[in-house]
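Q: Before I ask anything, let me first share the structure, which is written out below as structure tokens.
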């Protein structure tokens, strides 16, 4: 019960940009004392592997929401351009506001990604970051999350967007799409061929106890040539030659 109350309080706090900004200010001290983790460790390792002569230049943030990780990428990879895909109107407006300082490096797209091109109803949750095209599962209802409305949103296959985005290489692809990670990857076969690193939240519980999405996502990425590096909240997969050389020496996948 206490955990649930604290979780709800934090969710309410994170509705305010000032609370998220305060967390950003505190984070360097936390990293100094406890070390880096999560996406901050991953970006640090990628930079360490690539060094100054091979900087990250292209980041795709799929399911950018309010832009927490967008801001992390912008700060960690100062020579990068970040493409943000966020179909939810309210979240996208907040994302644009929070990244205004970097507007020359950020491109915000008003559609999401999926296995097919379509228009669907996005289910808006009481905790906006969890909104999904999937219904609210029981375990989230038990946490107090509810569906508060719907919004018609456009979803596209990433492969169908590559030409118009002038994408010839994707150094980092982050996917946080609340239960439809597999479908995003199914629409991105050609994109995966030009991608070096993937950070993906895998949420099979969103589809119930018999979902095989976690197995299918790992299989899909393994077949596309990626190595699972580890779980850093999100799962990090890489076929970045610089990362592979740093972690495995001269060993490459057959």
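Q: Filtering the range 162-178 down to residues that are over 12 Å from the mean Cα position of the chain (by Cα) and either in contact (Cβ under 8 Å) with a residue 40 or more places away in the chain or within 20 Å of residue 213 (Cβ to Cβ) (or both), which residue is surrounded by the most Cβ atoms within 10 Å (Cβ to Cβ)?
A: 170
Q: Which residues, counting only those in the range 74-91, are without any contact (Cβ under 8 Å) to a residue 40 or more places away in the chain, within 23 Å of residue 150 (Cα to Cα) and crowded, with 22+ Cβ neighbours inside 10 Å?
A: Passing the criteria: 84, 85, 86.
Q: Going by the structure shown, is residue 78 at pLDDT 65 or above and closer than 28 Å to residue 125 by Cβ?
A: Answer is no for this residue.
Q: Another question, then. Condition first: surrounded by fewer than 17 Cβ atoms within 10 Å (Cβ to Cβ) and either at pLDDT below 95 or assigned to a strand (DSSP E or B) (or both). Now tell me which residues in the range 215-235 satisfy that.
A: 228, 230, 231, 233
The values are calculated or read from the model by the stated rules, or taken from the named source; none is laboratory data. None of the values given here were measured: they were computed from a predicted structure. Positions of Cβ are generated from backbone atoms using ideal geometry, with glycine treated the same way; all protein chains shown enter the neighbour counts.
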